[in-house]
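Okay, structure first, notes after.
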Amino acid sequence: MRKVAFITGASRGLGAATALELAAAGYDLALTARTMNAGEQQHYGLLEKPVSLPGSLSEVAAQVRGLGVDVIAIRSDILDPESLDRAVSETFNHFGKIDLLFNNACYQGDGNQERLLEVTPEQVLNIYQGNVFTPLRLVQKILPLMMERKTGCIVNMVSGSALMPP
């Protein structure tokens, strides 16, 4: 039975690259992100209006399927923790386990690059929800099952993406 990786922020960048590498290594994958299909627009904090960035879950899923692995793509948002709870449940229903949690998604919304005295309480809550509370929630949901199986790995990724435009 192949190992299963659960990756947040898998539609582009480090998440997509990690999905491809893990697929090449023989992992089955559960991919999560906000952007399911090419052309969808999302709001990014440094940009004044929603834009479409290259990359989507559908595109990454098609690429990894080409490597012969089983993959599910699940729309989720780190500001909506319940969407990730559903993604974890869907992953366990489909694969029966998660061997690797790759917490890669990060909050890229308003407040990331505001001057300190201009950051609003709502922005601070969103920053912490996306970058601390949601990843922690995923660890708390998945780690007990890894401990029960006496196997598993959790990687909490950080990058410089909060310091530059997407």
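The values are calculated or read from the model by the stated rules, or taken from the named source; none is laboratory data. For clarity, every value in this text was computed on a predicted model and none was experimentally measured. Positions of Cβ are backbone-derived with ideal geometry, glycine not excepted, and every protein chain shown enters the neighbour counts. With ligands, DNA and RNA removed, areas are computed over all heavy atoms of the protein, side chains included. Shrake-Rupley method; radii C 1.70, N 1.55, O 1.52, S 1.80 Å.
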Quick check on region 70-166: take the gyration tensor over C-alpha atoms, sort the square-rooted eigenvalues as a ≥ b ≥ c, and tell me if it's rounded (a/c under 1.5), prolate or oblate. prolate
Under 19 Å from the Cα of Lys3 - lysines, other chains or at least 8 residues apart: Lys97, Lys141, Lys150
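Using 1/(1 + (r/R0)^6) with R0 = 25 angstrom and r between the beta carbons of Arg86 and Leu116, what's the FRET efficiency to the nearest 0.05?
Working: r = 35 Å, r/R0 = 1.41.
The computed FRET efficiency comes out at 0.10.
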Just to check I understand the Karplus step: with θ = phi - 60° and J = 6.51 cos²θ - 1.76 cosθ + 1.60, what whole-Hz values come out for region 74-89, glycine and proline as x? 10, 5, 7, 9, 5, 8, 10, x, 5, 5, 6, 4, 5, 5, 4, 4
Round to a whole number: what % of the accessible area of the chain belongs to carbon and sulfur, probe 1.4 Å? 56
Given a Förster distance of 45 angstrom, what is the FRET efficiency for Thr151 paired with Val124, based on the Cβ-Cβ distance and rounded to 0.05? 0.75
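Ranked from highest to lowest mean number of other Cβ atoms within 10 Å per residue, what is the order of the peptides 149-155, 98-104, 29-35? Provide the component values of the computation, followed by the final result.
Details: 149-155: 12.1, 98-104: 22.7, 29-35: 26.4.
For the peptides 149-155, 98-104, 29-35, the packing ranking is 29-35, 98-104, 149-155.
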Where Rh is the Kirkwood radius over the Cα pairs of the chain, the temperature 25 °C and the viscosity 0.890 mPa s, what D in µm²/s does Stokes-Einstein return? 152
State in Å² the accessible area per residue of the chain; use a 1.4 Å probe, count heavy atoms of protein chains only, and round to the nearest integer. 53
What is the set of long-range amide H partners of Val71 at a cut-off below 5 Å, with H atoms built 1.01 Å from backbone N? Leu29
